[in-house]
1. Which residues' amide hydrogens lie under 5 Å from the amide hydrogen of G119, considering only partners 5 or more residues apart or on another chain, with H built in the peptide plane?
2. Once both labels are modelled 7 Å past Cα along the beta-carbon direction, what's the E51-S124 spacing in nm?
3. Mind running the shape call on segment 1-74? Use the C-alpha gyration tensor, a ≥ b ≥ c as the square roots of the eigenvalues: rounded below 1.5 for a/c, prolate if a/b tops b/c, oblate otherwise.
4. Which of the lysines could be linked to K93 by a straight reach, that is with a Cα gap under 18 Å, when you skip same-chain ones fewer than 8 residues away?
5. Using a simple charge model, +1 on the beta-carbon of Lys and Arg, -1 on the beta-carbon of Asp and Glu, nothing else, what dipole does the chain show about its Cα centre, in debye to the nearest 20?
6. Which residues' amide hydrogens lie under 5 Å from the amide hydrogen of E129, considering only partners 5 or more residues apart or on another chain, with H built in the peptide plane?
7. Hey, what do the phi angles of segment 85-90 turn into as Karplus ³J(HN,Hα) couplings, whole Hz, using 6.51/-1.76/1.60 and θ = phi - 60°, x for Gly and Pro?
8. With a ≥ b ≥ c the root eigenvalues of the C-alpha gyration tensor of the chain, is it rounded (a/c under 1.5), prolate (a/b larger than b/c) or oblate?
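All of the numbers you see were taken from the coordinates with simple rules; none came from a lab. All figures in this text were calculated on a predicted structure; none of them were measured in a lab. Positions of Cβ are generated from backbone atoms using ideal geometry, with glycine treated the same way; all protein chains shown enter the neighbour counts.
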Amino acid sequence: MESYFGTEEWIKAASYTLRYAIFVLEQEIPAHLEFDGKDAYYPNLVRFHQEQPIATLRYQKLNDAKVQFDRFCVAKDWRKRGIGREMLQTAEKRTKSDAFQEVYLVAEMAAVPFYEKQGYQPFSDPLIEDGILCQQMRKKLHH
């Protein structure tokens, strides 16, 4: 399995393929909300098995100290295999090399225990994002 990071069209296309299948078709998030135009500015991390994209997340610089991971998903057939944990670890390594001090994300409530196991902490009341109940979370990075 290989991971690629960037804003190249082929990386975005792979990310879009997964996001459409998971967020739009599986979770019924309206496509106009999922595809918000931010991919023109922010890179995606995509994990492949052979030529098939199996996981993706978007990497948004919020300020000089903080980065946001969003649009994070793993293909249905690849869940519960450690791919999500590996994707977070890969993205966190990049944030450290880019000198960020904190990762911010908005987790669907069902995913909060997964993120807590990876060291993320909730810090707000739950909120609705794209029609789904979510929790803001963050993780301080140690360099």
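1. Residues meeting the amide H criterion: none.
2. Going from the E51 label point to the S124 one covers 4.1 nm.
3. It comes out oblate by the Cα gyration axes.
4. Partners found: K61, K66, K117, K139, K140.
5. Here the chain has a charge dipole of around 560 debye.
6. Residues meeting the criterion, in which the H sits 1.01 Å from N, are C134.
7. 4, 5, 4, 4, 4, 4
8. rounded
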